[in-house]
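These notes are about the structure you will find just below.
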Amino acid sequence: MKDQADSLRNLVSGISDNNGSKVSNRSSKIITVASGKGGVGKSNFTLNFALTLHGMGKKVLVFDADIGMANIDVLMGTSSSYNLYHLLYRHKTIREIIQLGTNGLPYIAGGSGMKELFSLSDQDLEFFASQVEDIAQEMDYVIFDTGAGLSRENMRFIGAADECLIVTTPEPTSITDAYALIKVMHSQENVTPFRMIVNRVEDEREAERVAEKIAGVARKFLQTEIPLLGYVSEDAQVVTAVKKQMPYRLAFPNCKASKDIQKLALRYLAQPGATGSGTLSGIKGFMKKWLRRTT
């Protein structure tokens, strides 16, 4: 079996200067994936979306930032020897805690370390930020799978990112909670743009109806636009794939959900600015906003 460290070295292809130091030639685009409530398929969407971008030749790092409910590795049927905790307490470097999941997709397991992250000293936070920068500057996209709902940590993830993909379903409670999340972020003078993903729909028409319910209210009361990026159909093969602990994009590449996620990823890449650098000053800009102390 190919050594994981060798695989990561091949994955990260930065340019070296005359002194042999690595120089970044890109600024990662930081995407958070969020939902107003749990049980909408957010993590499954994150994984399959990331895998689809990865399969299109994009360098993608998935960061499982769902405090207390981290499960990206479970969905892939892999086990994580290390997680964020080992980095925060300097037992391992960033490159040592990155795991290679299905199809060689790099990911960082959150685990218990996510809670400790928000109580570190300024010196430790600077160490953490520099470590994340070391690897993330070589990625096209860093995708944070956040927890569901309006926790303080989730709001900070969303507020610091280049953009947020908010996942909802046609269920009334899911629609209401998705709008509530958008509304609260708007009240915080959040400038992170939102785009909607409607999961588990019968067809495109239902997805458009759900999206317009949220977009219409946001337009009327918040004076902001929340465009629909795409949808994923209700598909029994998704449930089967979860039971097999395999991403449906790979287990059933021709099922409805897989075709939808393919179209969604292609639409995402076709959006203005999707393939360029992030609007922040790289991952450090994200980390400074995210870990900013409040008085």
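The values are calculated or read from the model by the stated rules, or taken from the named source; none is laboratory data. Quick caveat, the model's predicted, so the values are computed rather than measured. Using ideal geometry, Cβ is built from the backbone for each residue, glycine included, and neighbour counts are taken over all protein chains shown.
The set of residues in the range 169-183 being over 16 Å from Thr32 (Cα atoms) and in a helix (DSSP H, G or I) consists of Pro172, Thr173, Ser174, Ile175, Thr176, Asp177, Tyr179, Ala180, Lys183. Kindly evaluate Ala34 against the criterion of being buried (at least 24 other Cβ atoms within 10 Å of the Cβ) and either at pLDDT below 95 or assigned to a strand (DSSP E or B) (or both). Answer is yes for this residue. Scan the range 167-187 for residues that are among the small types (Gly, Ala, Ser), at pLDDT 95 or above and surrounded by fewer than 16 Cβ atoms within 10 Å (Cβ to Cβ) and the total you get is 1. Just one of the numbered conditions (1) closer than 16 Å to Ser43 by Cα; (2) crowded, with 23+ Cβ neighbours inside 10 Å; (3) in contact (Cβ under 8 Å) with a residue 12 or more places away in the chain is not true of Phe194: (1). Restrict the check to the range 199-209 and report whether at least one residue is in contact with a Cys (Cβ under 7 Å, 6 or more places away or on another chain), outside any helix (DSSP H, G or I) and at pLDDT 95 or above. There is no residue in the range 199-209 that is in contact with a Cys (Cβ under 7 Å, 6 or more places away or on another chain), outside any helix (DSSP H, G or I) and at pLDDT 95 or above. When residues in the range 218-267 are screened for being in a helix (DSSP H, G or I), touching a helix residue (DSSP H, G or I) at 6+ places or on another chain (Cβ under 8 Å) and in contact (Cβ under 8 Å) with a residue 12 or more places away in the chain, 19 of them pass.
Selection within the range 265-284: residues that are crowded, with 16+ Cβ neighbours inside 10 Å and more than 14 Å from Glu163 (Cβ to Cβ). The member of this set that is modelled with the lowest pLDDT is Gly282. I'm checking my understanding of the structure. Among residues of the range 108-150 that are under 18 Å from the mean Cα position of the chain (by Cα) and of a type in the set (S, T, N, Q), which one is modelled with the highest pLDDT? If we take residues in the range 108-150 being under 18 Å from the mean Cα position of the chain (by Cα) and of a type in the set (S, T, N, Q), then Thr146 is modelled with the highest pLDDT. For the range 125-145, name all the residues that are of a type in the set (Val, Ile, Thr) and outside any helix (DSSP H, G or I). The answer is Val142, Ile143.
Note on the range 131-154: among residues that are within 23 Å of His91 (Cβ to Cβ) and among the β-branched types (Val, Ile, Thr), the one that is surrounded by the most Cβ atoms within 10 Å (Cβ to Cβ) is Val142. Is it fair to say Asp66 is at pLDDT 50 or above and over 14 Å from the mean Cα position of the chain (by Cα)? Criteria not met by Asp66.
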